[in-house]
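Derivation of every value follows stated rules applied to the coordinates shown; laboratory data play no part. Please read all numbers here as calculations on a predicted model, not as lab measurements. Glycine also receives a Cβ, built like all others from the backbone with ideal geometry; neighbour counts cover every protein chain displayed.
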Amino acid sequence: MKRKHILLNNDLIIMKRKHFLLAAASTCGLATALFFHSQSNADSSKSPPLHGLSAPQQAAIDHANQLSTAFQCVADELLPSVVAIESIKATTLQSGLDSPQLPLMRPPLGQYGNSPFDEMFEQLQRIPRNGQPNVGQQPKRVNGIGTGVVIDSSGIVITNHHVVANSDELRVRTHGGREFSVKRIMSDPKTDIAVLELNNASDLTAATFGDSDQSAVGEWVLALGQPFGLENSVTAGIISAKQRGIGIADRESFIQTDAAINPGNSGGPLVNLRGEVIGINTAIHSKSGGNNGIGFAVPSNLAKWVSDQLLSHGDVNRAYLGVAMQAITPDIAKHFKVEPRDGVVVTEVLPGSPAEDAGIKIGDVITKLGNQPIKGPKELQLAVEQSTFENAYPLCIKRKDETLKLTYVAKPNPNRVESKVKHKLAELPNSAQAPLGIHAENLQTQTGDRVCGIRVVAVDPDSPAEQAGVQAGMVVLQANQKNLRSTADLRHACTSADESRLDSVLLLVESDGIKRFLVVPLL
């Protein structure tokens, strides 16, 4: 019965051979035909004829076998460049059977569960490399297995920051069995990328990096690594999506793939069918700790830039622009007369920043930096940070009904940039009633001078303002891109919007030093 259950979980195995081959051929035939049409040895991968199949069916099977040959070629090319990274941390345990499992690859959107893979991996960890049990030996060492890929034959390896973080010792083992200690670790937690320099290494096989910007959704990829400590494993899938942000790193533009990625694959390469590394496997979406068909990789272009910075400077030197920005949602897009995701809207410009020098203003929509179209805040942030210091870059913006071209000169990012915008709140006993369900009061200095903005004292339950995200304590700075100096200005903005047959009001609010736009429907 157990065997039957396993077969049912792998439904392709229990298909009749003829039907399985036809299913595989129909799925893979077109892709493989496109890949191998220029290969002179394509005929060598043809299968012996199967009885009962027509010529077109046999041709489809041959195409499927050609895809299999492509996977084999890529694996043969890349595996010599893939290394196992053993992360060692000294600890004292009661017995070898109580050895805790070290998470090798964090599942950012779930926790490790009691899956068969967890049990298998725990058992593997209890067996030392000499094959003898380690019960009773103290102190113990907890070993974690991750993956890396050689980027220079002299002994330079790229991997994930979380693979090597908090380790007392690292050992690196190549596909051919050579073992090295680590001379130097250079790491960037913001992108979860690390670079290792190996001791006494030479003549290693370096992988070739490809252009991740040219990779496409639906493209075949292979993931190579040490899943659950099982070294030199290869899985296949496609690119499911690009430019994913999942909230596990400060700088994210992940490639999403359904190629099986598991704990232990962290730091390994994601490779296209040209044998080029297009990503560094980093994370999985999993509730059990195993593969659920959703894995994420740092794009090779970003990983290569970070590794070059680490090797050149020992850390990552990032440029900055000096703005706070917000994604353009459909509601916000209507007010700025742009398409959703057509740029980012500026909510604050820091004094003395490159943005101020360039002439950027609050309410500007940044649509392009250099030759790169901007679709969201993460794209602009990554593009700015990789700019070369003191170089000038064209910056395209939309300001109301105008399209302008400004010039951004890249500057080093200060260690910490804080907003210098502060408000002195007036202590007024009573608040004035404002529209949209907002109760607000005017702001004034200690001498009684009126300043820009009104402070929200309370928001009516279930009002348009509450539903839009307005909260007590916020400062409303603008309404429909006009500065507010009193609650009367807000009432006037709402009246003007209604007379202009607008269905909402665009508010610029500030909370905890962060500015953003909110779209509030009119009552």
Of the trypsin sites (Lys or Arg not before Pro) in segment 138-213, which ones lie in a loop per DSSP and count no more than 15 other C-beta atoms within 10 Å? ARG178, LYS190
In the structure displayed, which of LYS242/LYS368; LYS190/LYS515; LYS337/LYS378; LYS190/LYS405; LYS190/LYS400; LYS334/LYS411 lie more than 25 Å apart, Cα to Cα? LYS190/LYS405; LYS190/LYS400; LYS334/LYS411
Can you compute the modelled spin-label distance between ASP315 and SER500, with each label point 7 Å from Cα toward Cβ, in nm? 4.6 nm
For segment 222-290 and segment 387-402, what is the centre-to-centre distance using only Cα atoms, to the nearest Å? 34 Å
Segment 168-313: proportion of alpha-carbon pairs further apart than 25 angstrom, %: 25 percent
At q = 0.15, 0.23, 0.25 Å⁻¹, the log10 of I(q)/I(0) for segment 280-381 from a Debye sum over equal Cα scatterers comes to -0.83, -1.11, -1.19
Hypothetical label at SER154: residues of segment 163-184 whose amide nitrogen lies under 11 Å (7 Å Cα-Cβ projection): none
For ALA216 paired with GLN243, estimate the spin-label separation in nm (one decimal), with each label point 7 Å from Cα along the Cα-to-Cβ line. 1.7 nm
In sequence order, calculated HN-Hα J values of segment 455-466 (Karplus, 6.51, -1.76, 1.60; Hz; x Gly/Pro): 9, 7, 8, 7, 10, 5, x, 6, 7, x, 5, 5
Most exposed first, judged by fewest Cβ atoms within 10 angstrom, VAL409, VAL470 run VAL409, VAL470
How many nm is it between the label spots at ARG341 and ASN480, if each spot is 7 Å from the Cα in line with the beta carbon? 3.0 nm
For GLU77 and THR388 in the same chain, what is the full-extension length gain: residue separation times 0.36 nm, less their Cα-Cα distance, in nm? 108.6 nm
